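Right, I'll just put the structure down here and ask away after.
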Amino acid sequence: MVSGLHQAVVELVHQAIGIMDDLMRDRIDMQAYASSLKALDANSLLEAYQQDFKRDAKKVCYLDALMIISSLQHELDFQVAEYGANVASEDIKMLKELLPKFDDTRS
């Protein structure tokens, strides 16, 4: 089950980073950013793997990544209104910092 979790979260993180990168490079507008980000399925992964997160502390990096994306989705309107396109820069940084930690959990 770890490999399913690993693959699903890594793919989701890469999708989120791609969407944020597109916004910051003016490839998409704020409306496309919002709809693309909201379309990511972080909450179903949080629900599907909630017991794994409780049982195995090594999986906290996956939980962190999903929580960042879920939080972005739920607070998107506020964050965009407050920070504009700059909203994506710190989020990309946090998600990129988690990527190497995913590989550490597999060893």
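The values are calculated or read from the model by the stated rules, or taken from the named source; none is laboratory data. What you are looking at is a predicted structure, and each value in this text was computed from that prediction instead of being measured. Positions of Cβ are backbone-derived with ideal geometry, glycine not excepted, and every protein chain shown enters the neighbour counts. Each accessible area value is taken on the protein alone, full model and side chains, heavy atoms only, with ligands, DNA and RNA left out. Shrake-Rupley method; radii C 1.70, N 1.55, O 1.52, S 1.80 Å.
Mind putting a number on the dipole of the chain about its Cα centre? Charges go on the C-beta only, +1 for Lys and Arg and -1 for Asp and Glu, and I need it in Debye to the nearest 20.
Values: 11 positive and 18 negative charges, 81 e Å.
With only Lys, Arg, Asp and Glu charged at Cβ, the dipole is about 380 debye.
Taking a probe of 1.4 Å, how large is the accessible area per residue of the chain, in Å²?
Per-residue value: 59 Å².
Determine, for each peptide in 8-17, 29-38, the mean count of other beta carbons within 10 angstrom over its residues, then list the peptides with the highest first.
On the way: 8-17: 17.8, 29-38: 14.8.
Final packing ranking: 8-17, 29-38.
With a 1.4 Å probe and every protein chain kept in, tell me what percent of the accessible surface of the chain is carbon plus sulfur.
Numbers: 3110 of 6290 Å².
The computed percentage sits at 49.
Could I ask something else about it? Could you give the dipole magnitude of the range 11-62 about its Cα centre, charging the beta-carbon of Lys and Arg +1 and that of Asp and Glu -1, in debye to the nearest 20?
Its charge dipole is roughly 260 debye.
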